[in-house]
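The values are calculated or read from the model by the stated rules, or taken from the named source; none is laboratory data. Just so it is clear, the structure is predicted and the values come from calculations on it, not from any experiment. Every residue, glycine as well, gets a Cβ built from its backbone with ideal geometry; the counts of neighbours run over all protein chains shown.
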Amino acid sequence: DAGVTQSPTHLIKTRGQQVTLRCSPKSGHDTVSWYQQALGQGPQFIFQYYEEEERQRGNFPDRFSGHQFPNYSSELNVNALWLGDSALYLCASSLLLPRLRGTDTQYFGPGTRLTVL
Amino acid sequence: AQKVTQAQTEISVVEKEDVTLDCVYETRDTTYYLFWYKQPPSGELVFLIRRNSFDEQNEISGRYSWNFQKSTSSFNFTITASQVVDSAVYFCALSEIRGSTLGRLYFGRGTQLTVWP
């Protein structure tokens, strides 16, 4: 049973550039959430996708956008990168409507570490 | 608004000691989930336990145990006979529930646990 996968593992960009991060959810999951984790902080919610639509959004600017594909995989795009965007970006997958006890949990991937110079 | 507080930033213990990680939460919702995740140096968030707001039964799983008390809005986590491999950052998180759907996670700032041999 494949878990959540993310690519790339590490990425280095310069200010003003654009970046795309990718996530494949755990087998059987239909919902993908993205989180940003700055050094020494807890993860902060960016947004959540279900059925290719953004369901919820955290307090992040429009420079952060996403997409979900028919196979439930997802992309996170960040435009006009700032130094402050340097962080670990975590993807989590879950079932929107848990059908069985024990399935109402978000499972996380290994993350993509983004460095903006 | 939802809020999770982990007052302990860092804890150091010697192997075989017991250690308790504290978590206090705030929410106006009557239905919610609480989680503990472990984040080793590799960065991936590993799910440990989930509790819903209707289930105050405490649980023991091997060396891990959890104490959920709605009256004090606390969800504490204890490791018995700690081991070096327990060294990691531990996050407490709260999830809102809208209808029967699992919403975003609100994380605390994490507690860095170091277990010395």
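Residues being surrounded by fewer than 20 Cβ atoms within 10 Å (Cβ to Cβ), over 19 Å from A:Ser7 (Cβ atoms) and among the polar types (S, T, N, Q): count how many of those fall in segment A:31-71. Total satisfying the criteria: 4. Using the structure shown, decide if B:Asp86 is surrounded by 19 or more Cβ atoms within 10 Å (Cβ to Cβ) and farther than 20 Å from A:Gln37 by Cβ. In short, yes. Looking only at residues in segment A:98-117 that are outside any strand (DSSP E or B) and of a type in the set (Ser, Thr, Tyr), the one that is modelled with the lowest pLDDT is A:Thr103. Find the strands (runs of 3 or more DSSP E) located wholly in segment B:51-117 whose residues include 1 or more that are under 25 Å from A:Ala92 (Cβ atoms) and basic (Lys, Arg), and list them. Strands (runs of 3 or more DSSP E) meeting the threshold: B:88-98, B:101-107. Can you find, within segment B:31-77, the residue that is nearest to A:Phe108 (Cα to Cα) among those that are surrounded by fewer than 16 Cβ atoms within 10 Å (Cβ to Cβ) and among the β-branched types (Val, Ile, Thr)? That would be B:Val46. Give me the residue from segment B:70-117 that is within 14 Å of another protein chain (Cβ to nearest Cβ) and aromatic (Phe, Trp, Tyr) and, out of that set, nearest to A:Tyr50 (Cα to Cα). This residue is B:Tyr106.
For beta carbons closer than 6 Å, sequence separation of 6+ or different chains, a first residue in segment A:44-70 that is within 19 Å of B:Leu94 (Cα to Cα) and a second that is in a loop (DSSP other than H, G, I, E, B), the qualifying pairs are A:Phe45/A:Gly58; A:Ile46/A:Gly58; A:Ile46/A:Phe60.
Of the candidates A:Leu76, A:Leu88, the single residue that is within 15 Å of the chain's Cα centre (by Cα), within 21 Å of A:Leu11 (Cβ to Cβ), in a strand (DSSP E or B) and more than 10 Å from chain B (Cβ to nearest Cβ) is A:Leu76.
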